[in-house]
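I have placed the structure first, in the form of structure tokens, so that the comments after it can refer back to it.
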Amino acid sequence: MDAWIPHLLQLLALPEYSLGTVFAVSFLSATLLPMGSEPVVFGLVHLQPDLFWPVIAVATVGNTLGGAVTWWMGHAASHIANRYGHSASHVRALDWLRRLGPKACVLAWLPVVGDPLCAVAGWLKLPFWPCVAYMAVGKLLRYITMTAALTGLLKLW
């Protein structure tokens, strides 16, 4: 089963595929698909440390665009979602999100709740561009922090 891992790492190391792979995985992982982009980002930075900033930039752009697509998915689904989910916790969460507005999208980097947060922001019709800007800030800070920390830990090890 693990025989594919060396092949994948070799493929990621190829300059013609590496940043494209980071973009695609970062984009898809920001939708409601259950996957993460961190292993690909960290793997490429580990293989090619001189690509730290390009990898961070490409991952941030891909992840932010995926979050924007999720926002639009929530926006399009708002008429369906309005029929369901009027529990007390649901109403509290929506009130919290309405109070924070687009600033809540800075939390789009969080595992499990980040992607649905983008969808709910679209469902609530929060302003698109401010939401995207806050998504980008949160995702950029996550990628910088996570990749720098993992790279530093690997050097210590």
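The values are calculated or read from the model by the stated rules, or taken from the named source; none is laboratory data. It should be emphasised that the depicted structure is a prediction, and the values quoted were computed from it without experimental measurement. Every residue, glycine among them, receives a Cβ derived from its backbone with ideal geometry; neighbour counts consider all protein chains shown.
For beta carbons closer than 8 Å, sequence separation of 6+ or different chains, a first residue in region 25-53 that is farther than 21 Å from PRO116 by Cα and a second that is basic (Lys, Arg) and modelled with pLDDT of 90 or more, there are no qualifying pairs.
As a summary of the residue check, ALA133 satisfies the conditions (1) in contact (Cβ under 8 Å) with a residue 24 or more places away in the chain; (2) crowded, with 17+ Cβ neighbours inside 10 Å; (3) not β-branched (Val, Ile, Thr) except for the one numbered (2).
Scanning region 14-42 for residues that are more than 17 Å from ALA108 (Cα to Cα) and at pLDDT below 85 yields LEU14, PRO15, GLU16, TYR17.
Among all positions in region 74-89, there is at least one residue which is surrounded by 21 or more Cβ atoms within 10 Å (Cβ to Cβ) and part of a helix (DSSP H, G or I).
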